[in-house]
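Notes for the one structure printed next.
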Amino acid sequence: MAKRTKSKRHPFEYQKLNGNVSTEDFFKIDKMEDRYLAVKFRYGMRTWNGCVPIISKYQGVNIPETKEDVEAWVLECYAALDPGRNNVWQEEQRTFWAGRKASETQSVFEALNGAEPLTRWKCRKCGPVPEINPQPASRIKQLKKMGYFIATRKKECPNCGGLQYCDLLIRLPRHAADNEKRSPISRKLQNKIKTVLPLRDACFDTPQKASDLIIDHKFPSSRWVNGETVNKTDMSEEDIRKKFQLLTNQTNLQKERYCQECVIHGNRGDFFGIEWYYKGARKWEGTSKADEQGCVGCPWYDLAKWKQELNAFLAKAKAAKK
């Protein structure tokens, strides 16, 4: 009889990272390239038996599968999912849905979201989702395209028994749908970026902790056609300054809304009501959707550069009056 060989474990499976964080198995979403890592997070008296994305197509997440990068990402997710941040996350979602007509997709989102401080796996047979929509797969796919992280896997349901498909909404910051390929940013490169760039929100110029800043691509992913250029770990400081800026989650979402509006209607964003562009005008004038030069001069493309150019323009205008 042939011997059965055990499947090789990933080095980041079944690890205890600290007293509150441990990892479990690594699993793949059926019929997709998405991969998730099951985790157990403890927040005081609460325990969350959930998972975090490692590869997530629609949100552009692609964590390098090294022990160092995955562990750092898991700890980042642990902080982001803290129930103490839940009220802020919920307010962001209320704002997001307020601008849309009520739909079955929103109803499915609300069923997955629930009222608990931490989300739970919801059974597709006996949970709240099938009460809204008995065939919710297309609605869940739409929610993913909207930027929500939703994992699906077969689990033992304690209510109806047996293995059932269950869905889990993960309250990480929503990422706009992005079908184009992103190049992963290794933990080593992330640390380098946050060393080269000042630890300040480029929008409001406020100092922040490194963990509270998001690495933003100046050229928005909504305009990528052929995917992203490779983010080499040894990227030069010059290329880092050219390609990235640091934003908080709040200002990153603000930029995202302006960029999506620009892609759809061709009007570049203003800076909280200030319509001024050091190159070009309000109308986006790139030669094609993927022409990065069409973004240059927009305040959201390079916030620090835009403010620098605006201050120089005002100083010149003031000197001319003397």
Counting pairs of Cα atoms in the chain, how many percent are more than 35 Å apart?
27
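Taking the beta-carbon count within 10 Å as an exposure proxy, list Lys40, Lys122 from fewest neighbours to most.
Ranking Lys40, Lys122 by Cβ neighbours within 10 Å, fewest first, gives Lys40, Lys122.
Suppose every Lys and Arg Cβ carries +1 and every Asp and Glu Cβ carries -1, with no other charges. What dipole size does the stretch 10-179 come out with about its Cα centre, to the nearest 20 debye?
My answer is approximately 520 debye.
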Order by neighbour count: Cys77, Cys51, Cys160, fewest other Cβ atoms within 10 Å first, most last.
Cys160, Cys77, Cys51
What whole-number distance in Å separates the alpha-carbon centres of the stretch 116-195 and the stretch 71-113?
11
Nearest-0.05 FRET efficiency for Lys318 and Lys242, computed from C-beta distance (R0 25 Å):
0.25
For the peptides 294-302, 30-38, what is the packing order when you average, over each peptide's residues, the other Cβ atoms within 10 Å and list the highest mean first?
294-302, 30-38
Net charge dipole size for the stretch 187-317 [Lys, Arg +1 and Asp, Glu -1 on Cβ; Debye, nearest 20]
180
Under Stokes-Einstein, the stretch 106-167 at 20 °C and 1.002 mPa s, with its Kirkwood radius over C-alpha pairs, diffuses with a coefficient in µm²/s of 181
Check cross-link reach from Lys279 to the lysines: straight Cα distance under 17 Å, and skip same-chain residues fewer than eight apart.
Lys218, Lys242, Lys305, Lys307, Lys316
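Taking a cut-off of 22 Å, what percent of all Cα-Cα pairs in the stretch 1-106 are separated by more than that?
On the way: 2565 of 5565 pairs.
Cα-Cα pairs in the stretch 1-106 separated by more than 22 Å: 46 percent.
Filter the trypsin sites (Lys or Arg not before Pro) in the stretch 76-109 to those in DSSP coil with at most 11 other Cβ atoms within 10 Å of their Cβ, and list the result.
In loop regions of the stretch 76-109 (DSSP not H, G, I, E or B), the sparsely surrounded trypsin sites (Lys or Arg not before Pro) are Arg100, Lys101.
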Taking max minus min of the Cα coordinates of the stretch 10-179 on each principal axis, largest first, gives extents in Å of 43, 37, 35
Could you please rank Phe27, Phe272, Phe313, placing first whichever residue has the fewest other Cβ atoms within 10 Å of its Cβ?
Phe272, Phe313, Phe27
Using the crude model of +1 on Lys and Arg Cβ and -1 on Asp and Glu Cβ, and no other charge, please compute the dipole size for the chain relative to its Cα centre, in debye to 20.
320
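Read the figures in this text as sums done on the coordinates, not as results from a lab. In this text the structure is predicted, and so the values were computed from the model without any measurement. Here the Cβ is made from the backbone with ideal geometry for all residues, glycine too, and neighbour counts use every protein chain on show.
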